[in-house]
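The values are calculated or read from the model by the stated rules, or taken from the named source; none is laboratory data. This is a predicted model, so every value here is computed, not measured. Cβ placement follows ideal geometry from the backbone for every residue including glycine, while neighbour counts extend to all protein chains displayed. Side chains included, ligands, DNA and RNA excluded: accessible areas come from the protein's heavy atoms. Shrake-Rupley method; radii C 1.70, N 1.55, O 1.52, S 1.80 Å.
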Amino acid sequence: MHAFTPSDFEIIKVRAWEIDIPLRDEFVISRGSVTTAQSVFVRVELRGGAVGFGECAPFGAVTGEDRATSLRTLNDLRDIVIGQTAFRLRPISRQLGEAAPDHPAARCGLETAILDALCRAAGIPTWEYFGNVTRQDYETDITLPILGVDRCLARAREWYRQGFRTLKVKVGIDLDADLATIERIAAELADISFVIDANQGFSESDALSLIRSLERAKIDVRLLEQPLHKDDLEGMARLRREASFDLCADESVDSVRDVALIARTGAADVVNIKIMKSGVYEAFEMAVTALASGLGIMFGGMIETRLAMGCSLAMAAGLGGAHTLDLDTPLLMATDPLDGGYRYEGPRMHLWTAPGLGTIPRNVSESQ
């Protein structure tokens with residue numbers, strides 16, 4: 001067995017490249033739509049030979065980033081990490097945050113690749129790095145974009161046949177159409193629960209009308225996610241007091257400070273943790289802060305492959321799970337550009353045993 005020395009963990013190379021993955025359906029939310037996942041894969045090499053991979057999946061409707069900007073930012077950040085040891089990932093994360101505070105997706109791709117390389121060198125899966133040493137399976141919901149009543153119902157039937165029992169329904173453009181979609185699905189698939197995600201799409205009065213309609217129809221709502229603009233915490237707090245089900249803050253939280261503010265104002269019951277909107281270590285600290293504050297945590301993502309989703313799953317497993325897992329976007333893609341890592345069996349996500357994230361981008365050599 002190779003005896004590692006501290007110098008083996010020195011970061012010596014960083015490379016990034018674009019990758020396009022078509023989606024099965026147009027991904028439509030209240031803030032925008034996409035038909036192709038436009039990601040950036042990142043490769044980090046350590047002096048001892050270990051290689052790690054990460055993903056940058058910017059989604060302009062949420063973080064304001066695009067792929068070209070993320071690539072330029074990655075090139076700028078490269079000089080910060082070259083020559084540092086992967087053991088210093090936490091302080092490296094803080095350096096990256098100070099250098100590129102408005103580019104969390106770019107930071108996330110680089111952080112994930114360093115973390116993957118570190119865990120591969122150490123010979124442990126990333127979920128063990130985050131604290132979980134018991135291998136078990138987790139379940140995700142599945143997302144229905146805003147596709148119209150009939151197409152959403154058809155997709156819901158398809159996912160139901162595959163075993164999914166929690167549907168995340170995107171809403172926020174047309175309240176009547178939103179209610180019609182949810183009620184049609186609930187009437188046909190009786191044992192379904194819902195995550196209703198407005199992506200800031202409602203006024204407070206429309207959100208309250210939605211809540212009352214869902215309650216009257218006795219819809220099984222697991223979460224109502226970000227019904228109001230991200231800055232309207234007072235409105236969120238009022239809705240939370242009115243609703244019989246949990247409210248979740250997503251766009252309102254992208255830092256530890258935001259989580260503390262949500263807890264202090266009572267604006268939500270749950271916060272949605274996404275490494276792509278916060279960076280890896282900030283997301284982990286957000287989750288720990290939320291749990292310590294009595295908030296539930298949801299792990300979600302942008303439109304990401306199993307590379308980034310695997311890091312979020314590892315974090316969720318390390319923390320012992322979450323209120324809700326929304327780690328489904330690889331299932332919305334027409335192809336999978338990765339080998340290894342976790343795998344789906346319907347809604348179940350089976351953890352991996354290989355070191356790091358266990359994933360390698362297809363057709364990319366580790367020596368490349």
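Odds and ends about this structure:
- Placing Lys230, Lys277 in order of accessible area, with the largest value first and a 1.4 Å probe, yields Lys230, Lys277.
- Taken about its Cα centre, the range 281-368 carries a charge dipole of about 160 debye when Lys and Arg each add +1 at the Cβ and Asp and Glu each add -1 at the Cβ.
- Checking [x] 16.8; [y] 23.3; [z] 18.5 against the coordinates, the calculated mean projected area of the Cα convex hull in nm² falls under label [x].
- Residues His323, His350, ordered by accessible area of protein heavy atoms at a 1.4 angstrom probe radius and largest first, appear as His323, His350.
- Relative contact order, percent, the range 199-265 [alpha-carbon distance under 8 Å, six or more residues apart]: 36
- Amide H contacts under 5 Å for Gln200: Leu228, restricted to partners 5 or more places along the chain or on a different chain, H placed in the peptide plane at 1.01 Å from N.
- Normalised by the number of residues in the range 263-344, the average gap of Cα pairs under 8 Å and 6 or more apart makes the relative contact order 29 percent.
- In percent, rounded to a whole number, the relative contact order of the chain is 19, using alpha-carbon pairs under 8 Å and six or more apart.
- Packing-based ranking, highest mean first, of 139-151, 86-98 given that Cβ atoms within 10 Å are counted: 139-151, 86-98
- Dipole magnitude for the chain: about 660 debye, using +1 per Lys or Arg Cβ and -1 per Asp or Glu Cβ, origin at the Cα centre.
- Protein-only accessible surface order, largest first, of Asp79, Asp174 at 1.4 Å: Asp79, Asp174
- Close Lys pairs in the chain (alpha-carbon distance under 22 Å; sequence gap of 8 or more, or different chains): 10.
- Residues whose amide H lies under 5 Å from that of Thr143, counting only those 5 or more places away or on a different chain, are Lys168; hydrogens are built 1.01 Å from N in the peptide plane.
- All alpha carbon pair distances within the range 149-285 were sorted into 5 Å bins beginning at 0; the resulting P(r) in whole percents reads 2, 10, 21, 21, 18, 14, 9, 5, 0.
- Under the Karplus curve 6.51 cos²θ - 1.76 cosθ + 1.60, θ = phi - 60°, whole-Hz ³J(HN,Hα) for the range 142-150, x wherever Gly or Pro sits: 9, 9, 10, x, 7, 10, x, 4, 5
- The chain - share of DSSP beta bridges that are antiparallel (%, nearest 5): 55
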